[in-house]
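Please read the structure below before turning to the comments.
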Amino acid sequence: MPETIILGSDHAGFDLKEKVKKALDRLGVPHEDVGSQSTEPVDYPDYAHRVAEAVGTGRHTRGIVVCGTGIGVSMAANRHAGVRAAVAYDLETARLSREHNDANVLALGGRSLDHALAERNLEVWLKTPFAGGRHARRVEKIELPKTQPR
Ligand code: RB5
C-alpha cells in the first residue's frame, strides 16, 4: 500500500472521487483531497496539476485523478517530471500499470467507468507492486533528460 495519496477531480469526476475517498478510508490509506468540491463546472487541468505536482516533488507517494474519461487529467498529470499517470479501465490495466509501468498516478473516468469497477481497479492498483527487473530499465527510459538552461 502507498504511504499517502493525493487526489483530485473536476466536476465530472467529483462523485467518483468522493467514493474513492471512502474506499481509501476503508483501506486505511491516508489521503489529501485538492478538490474540486462539487459538480460545478471547473477545468480539469487545474486539479490534475495540483495532484501531479505533489507526486512529482515527492510530497505524496501516489496520486489519483478523476475527470469524465480519465484522459484529460492523465494528459495534464503526465506533463510533470517523475509522474507516470495511467488510465486504468479494467482490472488488468490497473494491475499492469503497476507491475510494468510503476504508475504513480491512477486516472479514472467518472462518466466512462462503472463506479463499482472503478473501485475494484483502485484496490488492485493500490495493492500491486512494481515488478522491477526488465521493466525498471524501460520505465527509466520514459523520463526525458532535463533541458539545460541557456
Ligand atoms: C468535462 O466535460 C470533460 O471534458 C472532462 O471531465 C474530461 O473527461 C476531459 O478529459
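Details
- The residues in segment 97-143 that are more than 16 Å from the ligand (Cβ to nearest atom), aliphatic (A, V, I, L, M) and farther than 19 Å from ALA77 by Cα can be counted, and the count is 5.
- Residue within segment 1-22 that is more than 18 Å from GLU143 (Cα to Cα), without any contact (Cβ under 8 Å) to a residue 12 or more places away in the chain and out of contact with any Gly (no Cβ under 9 Å at 6 or more places or on another chain) present: yes
- Members of segment 94-150 found to be outside any loop (DSSP other than H, G, I, E, B), open to solvent by 20 Å² or more (accessible area, probe 1.4 Å) and closer than 27 Å to ASP15 by Cα, listed by number: ARG95, LEU96, HIS115, ALA116, LEU117, GLU119, ARG120, GLU123, VAL124, LYS127
- For segment 38-74, residues that are touching a helix residue (DSSP H, G or I) at 6+ places or on another chain (Cβ under 8 Å), in a helix (DSSP H, G or I), within 12 Å of the ligand (Cβ to nearest atom) and open to solvent by 60 Å² or more (accessible area, probe 1.4 Å) total 1.
- Restricting attention to segment 9-25 and to residues that are under 15 Å from the mean Cα position of the chain (by Cα), within 12 Å of the ligand (Cβ to nearest atom) and not aliphatic (A, V, I, L, M), the residue that is surrounded by the most Cβ atoms within 10 Å (Cβ to Cβ) turns out to be GLY13.
- Meets criteria (open to solvent by less than 10 Å² (accessible area, probe 1.4 Å) and out of contact with any Phe, Trp or Tyr (no Cβ under 7 Å at 6 or more places or on another chain)) for GLY35: no
- Among the residues of segment 75-86, those that are open to solvent by less than 50 Å² (accessible area, probe 1.4 Å) and among the aliphatic types (A, V, I, L, M) comprise ALA76, ALA77, VAL83, ALA85, ALA86.
The values are calculated or read from the model by the stated rules, or taken from the named source; none is laboratory data. Keep in mind the model is a prediction, meaning the values are calculated, not measured. No Cβ is skipped: glycine too gets one built from the backbone with ideal geometry, and neighbour counts run over all protein chains shown. Quick note on the areas: whole protein, heavy atoms, side chains included, nothing else; ligands and nucleic acids left out. Shrake-Rupley method; radii C 1.70, N 1.55, O 1.52, S 1.80 Å.
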